[in-house]
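Engineer: Mind having a look at this structure? Questions to follow.
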Amino acid sequence: MTDLTSRLGLDDTGSVWRGAPYPVLVVSAAGVIAQANDAALRLLPGAVPGAPLADAVPAWLSRAHAQVHDPAHDPVARDAAGTSARGPIGAATFEARPVRDGDAVAWWLTDATDLERATQALRVERERTAFLDRASSELLSSLNLDRCMEVTARLAARHLADAALVILPPARRRHPVAYCGPDGTVVREELVVDPESVPGLAEALQGYPPPPSRWICPAAAPGWLARDGHVEVGSMVVTALPGHGVPAGALVLLRGSGHARFSEGEEVFARLFAARAGAAMSAARLYAEQAGITETLMRELLPPRICDLHGVEVAARYRPSEHTARIGGDFYDIHPPAEPGQESLIVLGDVAGKGLEAAAVTGKIRHTLQALLPLAGDHQRVLELLNGALLTGGGHTRFVTLVLASIRCAGDRVRLRLTSAGHAPPLIIRTGGRVEEARTEGTLIGVLDHITSVTDTVVLDPGETCLLYTDGITEAMGGPLGDEMFGDQRLLEELRRCGGMPPEALAERVEMLSSQWVGGGDHDDMAVIAITAPRLAHLSAVGGHGRGGFTA
Amino acid sequence: MTGADGLSAWRDKLWHAAVAGDEYAAADAALAALDHDISMETLLLEVVAPVQARVGLEWEANRITVTQEHTATAVNERVLAALAHHPVARRAAAAREPGAGRVAVACVDGEWHAMPARILAEVLRLRGWRVDYLGAQVPAPHLIAHVHRTGCDVVALSSSIPTRLPAAHAAITACQATGTPVIVGGAAYGPDGRHARLLGADAWAPDGRTAADRLAAGPAAAGQAMDYLPHLDDEAYTMVSRSARRLVRHVMSGLEERIPAMASYTAQQRHHTAEDVAHIVDFLAAALYVDDPELFGRFLTWTAGVLTARGVPAGTLLPALDLLAGRLEDFPRASALLAHGHAAVNAAGSESLHPATERPHDRLRPKPAEARPVHAARGHAAHLHSG
């Protein structure tokens, strides 16, 4: 077999090879340069034949040559034509491809500077895009401002700097701050600090563009920013977190003195990240504000907590029709006696319609009834006044049906005065399981000028219960076949099995039966109140009554 | 219950008071246990929880009525409320550190049994957590609104009825989509927590103590919110779930043809039969959702046991299964499940085929509410929610 060296040097292709535009080096197994063409000598003047490769070329190339001959090196990779090495020669980047023949190797070098640059740029862009993508999905997943701050600080510290700090405009003179150090642990706190003490921070918090990093002296960073034991700050970037018209806060990136300073490209990229973080934080703040407003406005409309009624046990359940809502057109209220020995008043009602509009009317009715409490000794009078208030209230006309229950203890028994205004009469569950309907009826409220009502008086023995409920219970559509109404009859049958149950169990059972009747389908608002004469002496230590249903 | 742990006497005391509806005696028993140096956590997890589990077992065996079951549960809840106000609990709350973790404890929508979640909430409070207890049947939108509002560190989700697993899955993924990890517990997830893994929960705990320990072990990162279950591609679950009521009608008319005695059924008997069938269809859908024949088999074995306890042959379930199989023969997974169920019923009871004619009792069928405590108790008394 003809030796590669002699073939390249002696045959008639030699001159072609010498003049080839690509540098070529032929190197022996021992690492000595055997041949070098003109282009190779221009690039590597020391690569004359006879010179050791290690002296004539950069280390990466001589290492690659050694690997080609290393038996420990993967033979498949070693023999593959595509095996190549890449590294710098002078200011340029070269790719070296070995062509073997026997023990000698011809290294063909091609200038890969542009390719290298493009590859590098592509890699950076890909990393940044992937990072922004991940950052966006992490930031957008939460509508909680604290969590958004934490995510922003953590992502920034991990991907953009050694440590990062998110700072918000002050609330009650304290700045909410999230700091993430090189260990990835986020600390959240509220600090009384002066943003003016950090160059550019006060401007960023006011929405002005902060100065470029190179103008910021890291030594100026105060202790709450450059934290002991974490980073000795070598460079610092301050970026505004843009919000909805007003700045959401500012992001400070810190890099240790051992690391490269922030490049201009990195600063631009930090601003891209900050734009996303700021948008997410602003959305979270907006949500928190709106949720707070809703919470405040809704507080009056939520079912009240069950309070102690001195010797009477009460339990309530409430389930609005819409899954997303916490209030609806059904309502109840519990007014303990003004003085011991007087009557308590419980009201349960149903405003026509459902959703927020109906709920708003329930608020009005509950307020009116609250004002009429001193007159509660006369149910008819209370209903007349309420009727008048609703009729003259103007605006959208809505009517309401309700039940008034005035409650007084009489020894172990409980005496109830019950008045229905167009509402299903209360049911009395006797101890033995007999179920009676209270003999009360009356006109619904908010339609006619004159209303009438009949009040019934009922006495509960210990363990007996009076149940008030809205038609959302009995008119529930569903059942195993899907098209039946739950109905009064089924409710009565179930209640006959409930004699002697504690009121919580009874109210829960009624709501449960009706809800399960509906299955996953739509249902109307549901409200249930059970008023029970205690079976045993009242256990006052057990006061942990919660709100009805899941509204807690 | 053996006295090996020295707690059985307390459990017995509480049980008798609860089933008698005597909240005074029940609270006295609980408070006396504390006076005897039983820790609050032990009292909650090893006395109150097992007593609640026993409520379900006793109903299953037809030894207590539905009324007693509900009454005992209500008494246990009052005991919990009393314990929450006990100085031990108050001291724990007062000693909570400012940076304590915040956890939301909730039952999945449609889950009525709040006791296990409530016990867990109390245990976590004792261990220094800041706890938001959201109660029974929390619709996912409420849960998510709460998570956004409070930014809680973790959500603990309890479900005991397997038919609510699809709803649990929706809640788990919705929480994870906010970056909040979810720990789940309860009988619904299977004895070994297999359904918790399938639905992508970040952690599963077989009982309250394990759940508390797991939460104490440190923050879990929320898994990738992922609601894709490849086996649902065959649309069997979708079909059964969406047309559940039509399937019930089909089975009912088929039963009337096959069983002449049904002609003399009262409206109520007919209604209860329809409820039985609806329940079978619901569990079939759940088993299709998590692709687990054993879920369906366990339900049928359990139902057969309940029927037998009330003097009804388990074989009454077979015609309904056969009619469903005829309707669903285009869906191989459904057919396999029904065949598995058929075998489970055969194994559980006699082959007697006199369906529902001599029903002595009109409350044969376990409603989910009744099924719940029984499931909690059945063989794995130490579930997140019972344990």
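The values are calculated or read from the model by the stated rules, or taken from the named source; none is laboratory data. All figures in this text were calculated on a predicted structure; none of them were measured in a lab. Cβ coordinates were reconstructed from backbone atoms using ideal geometry, including for glycine residues, and neighbour counts include every protein chain displayed.
Engineer: Could you list, in sequence order, the residues of the stretch A:280-296 that are surrounded by 12 or more Cβ atoms within 10 Å (Cβ to Cβ), without any contact (Cβ under 8 Å) to a residue 60 or more places away in the chain and of a type outside the set (D, E, K, R)?
Structural biologist: Residues satisfying the conditions are A:Ser282, A:Leu286, A:Ala291, A:Thr294.
Engineer: Only residues that are free of Cβ contacts under 8 Å to residues at least 12 places away in the same chain and outside any helix (DSSP H, G or I): list them for the stretch B:193-234, please.
Structural biologist: Once the filter is applied, which keeps residues that are free of Cβ contacts under 8 Å to residues at least 12 places away in the same chain and outside any helix (DSSP H, G or I), the stretch B:193-234 yields B:Ala217, B:Gly218, B:Tyr228.
Engineer: Given B:Ala17, B:Ala27, which one is at pLDDT 90 or above, within 14 Å of chain A (Cβ to nearest Cβ), in a helix (DSSP H, G or I) and closer than 27 Å to B:Arg130 by Cβ?
Structural biologist: The conditions single out B:Ala27.
Engineer: Another question, then. Run down B:Leu317, B:Leu328, B:Leu338, B:Leu323 and say which single residue is in contact with a Pro (Cβ under 9 Å, 6 or more places away or on another chain), at pLDDT 80 or above, among the hydrophobic types (A, V, I, L, M, F, W, C) and not assigned by TED's automatic domain parsing to the domain that holds B:Thr73.
Structural biologist: Just a single option satisfies the conditions, and that option is B:Leu317.
Engineer: Kindly indicate the residue of the stretch B:101-112 that is buried (at least 24 other Cβ atoms within 10 Å of the Cβ) and either facing chain A (nearest Cβ under 10 Å) or closer than 13 Å to B:Val48 by Cβ (or both) and also nearest to the chain's Cα centre (by Cα) among those meeting that condition.
Structural biologist: Only one residue tops the list, namely B:Cys107.
Engineer: Going by what's in this entry, would A:Arg439 be described as under 26 Å from A:Thr532 (Cα atoms), basic (Lys, Arg), part of a strand (DSSP E or B) and more than 47 Å from the chain's Cα centre (by Cα)?
Structural biologist: no
Engineer: Take the residues in the stretch A:183-231 that are among the small types (Gly, Ala, Ser) and in a helix (DSSP H, G or I); name whichever of them is surrounded by the fewest Cβ atoms within 10 Å (Cβ to Cβ).
Structural biologist: Out of the qualifying residues, it is A:Ala219.
Engineer: Same structure again: Just to be sure I understand the filter: pairs with C-beta atoms under 7 Å, separated by 6 or more residues or on different chains, first member in the stretch A:353-377 and closer than 24 Å to A:Arg415 by Cα, second member small (Gly, Ala, Ser) and surrounded by 16 or more Cβ atoms within 10 Å (Cβ to Cβ). Which pairs pass?
Structural biologist: A:Ala376/A:Ser406
Engineer: Still on this model: Tell me, which residue of the stretch B:216-244 that is of a type in the set (A, V, I, L, M, F, W, C) and under 19 Å from B:Leu199 (Cα atoms) is surrounded by the fewest Cβ atoms within 10 Å (Cβ to Cβ)?
Structural biologist: Looking at residues that are of a type in the set (A, V, I, L, M, F, W, C) and under 19 Å from B:Leu199 (Cα atoms), I get B:Ala221.
Engineer: Among A:Arg97, A:Arg128, A:Arg172, which is basic (Lys, Arg), touching a residue at least 40 places away in the same chain (Cβ under 8 Å) and either surrounded by 16 or more Cβ atoms within 10 Å (Cβ to Cβ) or away from chain B (no Cβ under 14 Å) (or both)?
Structural biologist: A:Arg128
Engineer: Identify the single condition in (1) within 25 Å of the chain's Cα centre (by Cα); (2) within 14 Å of another protein chain (Cβ to nearest Cβ); (3) of a type in the set (Gly, Ala, Ser) that B:Ser253 does not satisfy, given that it satisfies every other one.
Structural biologist: Status for B:Ser253: all satisfied but (1).
Residues checked against (1) touching a Gly at 6+ places or on another chain (Cβ under 6 Å); (2) β-branched (Val, Ile, Thr); (3) outside any loop (DSSP other than H, G, I, E, B):
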position: A:Pro462; (1), (2), (3): no, no, no
position: A:Ile473; (1), (2), (3): no, yes, yes
position: A:Leu481; (1), (2), (3): no, no, no
position: A:Arg490; (1), (2), (3): no, no, yes
position: A:Glu494; (1), (2), (3): no, no, yes
position: A:Met501; (1), (2), (3): no, no, no
position: A:Ala507; (1), (2), (3): no, no, yes
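Engineer: Which members of the stretch B:132-170 meet the condition of being more than 12 Å from chain A (Cβ to nearest Cβ) and aliphatic (A, V, I, L, M)?
Structural biologist: Residues satisfying the conditions are B:Val154, B:Val155, B:Ala156, B:Leu157, B:Leu165, B:Ala168.
Engineer: Give the residue that is nearest to B:Ala174 (Cα to Cα), with candidates limited to residues of the stretch A:134-169 that are at pLDDT below 90, assigned to a helix (DSSP H, G or I) and at the interface with chain B (Cβ under 9 Å from one of its Cβ atoms).
Structural biologist: Only one residue tops the list, namely A:Ser141.
Engineer: Next question, about the same structure. Exactly one of (1) under 19 Å from B:Ile172 (Cβ atoms); (2) small (Gly, Ala, Ser); (3) at pLDDT 90 or above is unmet by B:Ala221. Its number?
Structural biologist: (3)
Engineer: Of all the helices (runs of 4 or more DSSP H) wholly in the stretch B:57-173, which have at least 2 residues that are β-branched (Val, Ile, Thr), closer than 24 Å to B:Ala187 by Cα and touching a Pro at 6+ places or on another chain (Cβ under 9 Å)?
Structural biologist: B:66-84
Engineer: Regarding the stretch A:445-463, can at least one residue be identified that is buried (at least 19 other Cβ atoms within 10 Å of the Cβ) and within 11 Å of another protein chain (Cβ to nearest Cβ)?
Structural biologist: So far as the stretch A:445-463 goes, yes, one or more of its residues are buried (at least 19 other Cβ atoms within 10 Å of the Cβ) and within 11 Å of another protein chain (Cβ to nearest Cβ).
Engineer: Considering each of A:Glu300, A:Glu322, A:Glu267 in turn, give the residue that is acidic (Asp, Glu) and within 14 Å of another protein chain (Cβ to nearest Cβ).
Structural biologist: From the options A:Glu300, A:Glu322, A:Glu267, the qualifying one is A:Glu322.
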